[in-house]
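To start, I am sharing the structure in question, which I have written as structure tokens.
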């Protein structure tokens with residue numbers, strides 16, 4: 001007897017067939033690509049820059065390292081990594097060609113083109129050999145992946161032994177009063193900002209909903225350990241609004 005049950009996943013608060021999610025996510029980020037960096041500043045009141053600095057502080061990039069920046073969009077993490085390292089190479093992979101194109105223009109303007117590659121690809125099926133990179137980062141992207149555990153397994157595969165995983169993502173606020181205030185801000189103001197600054201309310205409504213559907217800090221830590229990473233730790237940022245997860249391929 002054939003099992004015709006179709007696997008589903010979430011797209012914000014909506015349940016959809018798994019096969020549809022990548023296309024829906026691509027549509028969101030294609031829509032917002034030209035104003036993505038501006039909206040990051042507006043939504044977080046600029047605090048995302050401090051979170052990314054904290055990511056680099058914990059990561060401590062070293063000269064000559066090879067970075068894979070997945071869901072890397074316009075390359076913000078890769079630029080920071082290369083500046084900290086002083087030398088090295090970054091490959092930025094993203095599902096959305098428009099985001100990568102915006103990053104490529106930025107690299108040309110900052111005379112960093114020779115240190116970066118830009119690849120359209122899927123976090124769940126990385127087009128790279130095993131043991132290829134020293135560092136894997138994904139920043140505000142893994143919650144948009146259809147199966148985060150598959151993306152984590154791919155991260156483990158392409159990292160060299162001794163390689164480091166670092167995930168920066170919105171997370172769950174443990175303080176009930178702050179969580180209430182954060183929900184009011186997120187659901188009432190962020191979609192309105194999306195409409196005003198990017199002409200796209202629906203995409204930012206999805207982004208807010210996707211944050212609420214993402215696993216909490218401990219659950220996500222277990223997912224990282226479940227694919228083979230060791231020495232997994234996390235640090236809350238801004239009282240849990242965002243979180244850094246770090247782990248090693250030993």
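The values are calculated or read from the model by the stated rules, or taken from the named source; none is laboratory data. Please read these numbers as outputs of a predicted model, since none were measured by experiment. Heads up, the Cβs are rebuilt from the backbone with ideal geometry, glycines too, and the neighbour counts pull from every protein chain shown.
Is there a residue being surrounded by 14 or more Cβ atoms within 10 Å (Cβ to Cβ) and not in a helix (DSSP H, G or I) anywhere in region 172-195?
The answer is yes, given that some residue of region 172-195 is surrounded by 14 or more Cβ atoms within 10 Å (Cβ to Cβ) and not in a helix (DSSP H, G or I).
Go through region 125-140 and give me each residue that's surrounded by fewer than 21 Cβ atoms within 10 Å (Cβ to Cβ), on the phi < 0 side of the Ramachandran plot and not in a strand (DSSP E or B).
127, 128, 129, 130, 132
Another question, then. Given the criteria crowded, with 21+ Cβ neighbours inside 10 Å, at pLDDT below 95 and under 21 Å from residue 50 (Cα atoms), does residue 207 qualify? Break it down into steps so the answer makes sense when it comes.
Values: crowded, with 21+ Cβ neighbours inside 10 Å: yes; at pLDDT below 95: yes; under 21 Å from residue 50 (Cα atoms): yes.
Judged against the criteria, residue 207 is a match.
Here are some residues: 62, 66, 83. Which one is closer than 17 Å to residue 114 by Cβ and either out of contact with any strand residue (DSSP E or B) (no Cβ under 6 Å at 6 or more places or on another chain) or part of a loop (DSSP other than H, G, I, E, B) (or both)? Steps first, please.
Details: 62 fails: closer than 17 Å to residue 114 by Cβ; 66 fails: either out of contact with any strand residue (DSSP E or B) (no Cβ under 6 Å at 6 or more places or on another chain) or part of a loop (DSSP other than H, G, I, E, B) (or both).
From the options 62, 66, 83, the qualifying one is 83.
Here's something else I'd like to know. It is to be established whether one or more residues within region 161-169 are assigned to a helix (DSSP H, G or I), on the phi < 0 side of the Ramachandran plot and modelled with pLDDT of 95 or more.
Our first condition is that a residue be assigned to a helix (DSSP H, G or I); within region 161-169, this holds for none.
Looking for residues that are assigned to a helix (DSSP H, G or I), on the phi < 0 side of the Ramachandran plot and modelled with pLDDT of 95 or more, one finds none in region 161-169, hence no.
For residue 111, state whether it is modelled with pLDDT under 90 and either outside any strand (DSSP E or B) or surrounded by fewer than 21 Cβ atoms within 10 Å (Cβ to Cβ) (or both).
Working: modelled with pLDDT under 90: yes; either outside any strand (DSSP E or B) or surrounded by fewer than 21 Cβ atoms within 10 Å (Cβ to Cβ) (or both): yes.
The answer is yes for residue 111.
When you go through 33, 54 one by one, which is the residue that is surrounded by 13 or more Cβ atoms within 10 Å (Cβ to Cβ), part of a helix (DSSP H, G or I), on the phi < 0 side of the Ramachandran plot and at pLDDT below 75? Explain how you work it out, then say what you get.
Values: 54 fails: at pLDDT below 75.
Going through 33, 54 in turn, the sole match is 33.
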